[in-house]
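Inspection log for the structure reproduced underneath, given as structure tokens.
The values are calculated or read from the model by the stated rules, or taken from the named source; none is laboratory data. Model, not experiment: these values are computed from the prediction. Cβ placement follows ideal geometry from the backbone for every residue including glycine, while neighbour counts extend to all protein chains displayed.
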């Protein structure tokens, strides 16, 4: 298939792997930010093609994984209301809350639906004015413009029965949080290509300068990742820092300006808890006052009781690159995709699930 | 039914007067006049055969001594019409194929329908005609049936159960436990078509070309394969729900052997791959309705491949892997870029990713 096969070509990937081996003289730890990248690395066995000196740790870029338990409980409580049609992207549906996941709410009679686009939720709200249509707005900067677009449409249509439960998170503050930790092992970042397609790369310049670290904006196909890894390692070996773009077929330094304008209209940064990590300042999106009336968290006064996270789960350390999934005592034993203890085992993008499903026991 | 009569029937419009009964009523399942009219004019006329025309509570079939294969499957699919097929043909093909995968020659089928009150009569007619066509095409009669009607909102338009029996010839021994190290694994054509056709329709996704279901009867292909290879065919399976990955896992576990497949060797149509990329799905886990996996003795693999390719539904057949003594119970895939990974069972359905 054109524009895919070229990036999954065995010969090309192997050549880059060979050049990496020729390049590396010192031990380096790199972090890929995005769960989609983790998935590709493990799925194609790319990490095993790298020299032993190079260690990959997996970042917090799985939106499902970092959504706080309390918010999932709130989603479940809203979805259980008989007047509500609750819509969400697919992989959020199976994430366990303290008591239930959204698929179980559906099985018990709740109107829970999977959609590909938040605009489908707006369409439904328009068609069924008697139903309260709630969209679970999960994701990084990548999916946020679609939510913003949906909210602007809902505003234009004057929909009183549409709302969103906002759980958007932002990448740069999370990178800062990881880098500022004294335990941080990461010497270079593969930044998330699709996030930068929207946001551009300018907000990464101060991070690269402050922590004197190379940040390479990388794509998601095997060849993208191998080239991104080589660019990061080359910078480290040569003692350079700064932002570079591997994924130039999609990313420009300025990003998608119309999308950024949409975001600025609808969202404002706010402090936000990340599951397993804690509150990171200015790392999430809240609705601006103009759109507050579409906030499902305010519209539905639901009571939730959130359980404590299982003590044995080390999801927080894994999401910060301080540990790998197989360092966890519960991995593959008490914790499996059938019965996950922590979110990285639930989402297909989660590092634990990637290790488990592709046989890294 | 003679082909001639079949054509005449096709040309006819719905035999139940649509003006009187444009939709299914509860009474169509009540056993009275309405039921009778439906059975006689629609089902008996369409499925027409000697056993059915007895109009008894069941069919009586004459069978030679030997082993009988027996299989049942219920079909629920929304929407019930989709590109390249519908729930009726799907149900007939599905059960015909399940029998064929037992190494059996399908002998006869039953058709049990659960209709939802309000189902358009024209839709039922299209589905019935499609079942009749599929049965004729596969050369297997529908010899008995049943119809029930449930209240509006209690069903999804129509549910279809097709049960069937078939005869297993002497010397044929098909079982997942017969997979053994050295066996070569073939697939009869491009995978993931049915699942993608349904999902693209549900999600309203449009591609350059419409992806159609691959729903097809495989009994002819299996008969040719067994006639030529006999006991050298070890395992046959149609990778329906859960796709190729799930079926290979089941076989590897049942046989206590390993399975290795090569990603590059597995045929996937260009538009299906594209759709899977967009939807965030792995074609290995997507449903097929007209494909089979065959495990055959290594020395007969080339012969098996030409037999599959000579069949009308097997033009794109390919050798995709082998059974190994290593990694028992596990399926290992050699990826396009040269890495190797485990292909595990999914927990539930594949759920598309957020980004």
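For the range A:4-19, check the following and say yes or no: at least one residue is crowded, with 16+ Cβ neighbours inside 10 Å, in contact with a strand residue (DSSP E or B) (Cβ under 6 Å, 6 or more places away or on another chain) and modelled with pLDDT of 90 or more. No: the range A:4-19 contains no residue that is crowded, with 16+ Cβ neighbours inside 10 Å, in contact with a strand residue (DSSP E or B) (Cβ under 6 Å, 6 or more places away or on another chain) and modelled with pLDDT of 90 or more. On inspection, residue B:115 fails the criterion of being under 18 Å from residue B:290 (Cβ atoms) and either assigned by TED's automatic domain parsing to the domain that holds residue B:222 or in a strand (DSSP E or B) (or both). Checking A:196, A:250 one by one, the residue that is on the phi < 0 side of the Ramachandran plot, within 14 Å of another protein chain (Cβ to nearest Cβ), in a helix (DSSP H, G or I) and in contact with a helix residue (DSSP H, G or I) (Cβ under 9 Å, 6 or more places away or on another chain) is A:196 and no other.
When residues in the range A:38-72 are screened for being in a loop (DSSP other than H, G, I, E, B), within 12 Å of chain B (Cβ to nearest Cβ) and closer than 15 Å to residue A:167 by Cα, 2 of them pass.
Would it be correct to say that residue A:287 is crowded, with 22+ Cβ neighbours inside 10 Å and at pLDDT 95 or above? It is true that residue A:287 is crowded, with 22+ Cβ neighbours inside 10 Å and at pLDDT 95 or above. Annotation for the range B:317-340: at least one member residue is within 14 Å of another protein chain (Cβ to nearest Cβ), at pLDDT below 90, more than 30 Å from residue A:170 (Cα to Cα) and out of contact with any helix residue (DSSP H, G or I) (no Cβ under 6 Å at 6 or more places or on another chain).
Find the helices (runs of 4 or more DSSP H) located wholly in the range A:258-361 whose residues include 3 or more that are within 14 Å of chain B (Cβ to nearest Cβ) and within 16 Å of the chain's Cα centre (by Cα), and list them. Can you show your working first?
Values: elements: A:296-299, A:315-319, A:351-357.
So the answer is A:351-357.
May I ask you to verify whether residue B:303 is buried (at least 22 other Cβ atoms within 10 Å of the Cβ) and in contact with a helix residue (DSSP H, G or I) (Cβ under 8 Å, 6 or more places away or on another chain)?
On the way: buried (at least 22 other Cβ atoms within 10 Å of the Cβ): no; in contact with a helix residue (DSSP H, G or I) (Cβ under 8 Å, 6 or more places away or on another chain): yes.
It is false that residue B:303 is buried (at least 22 other Cβ atoms within 10 Å of the Cβ) and in contact with a helix residue (DSSP H, G or I) (Cβ under 8 Å, 6 or more places away or on another chain).
In this structure, residue B:211 qualifies as over 18 Å from residue B:97 (Cβ atoms), crowded, with 20+ Cβ neighbours inside 10 Å and in contact with a helix residue (DSSP H, G or I) (Cβ under 7 Å, 6 or more places away or on another chain).
The single residue among A:112, A:76, A:164, A:134 that is out of contact with any strand residue (DSSP E or B) (no Cβ under 7 Å at 6 or more places or on another chain), buried (at least 24 other Cβ atoms within 10 Å of the Cβ), more than 30 Å from residue A:215 (Cβ to Cβ) and at pLDDT 95 or above turns out to be A:76. Would you be able to say whether some residue in the range B:86-107 is in the same structural domain as residue B:146 (by TED's automatic domain parsing), within 30 Å of residue B:293 (Cα to Cα), touching a strand residue (DSSP E or B) at 6+ places or on another chain (Cβ under 8 Å) and part of a loop (DSSP other than H, G, I, E, B)? Yes, the range B:86-107 has at least one match.
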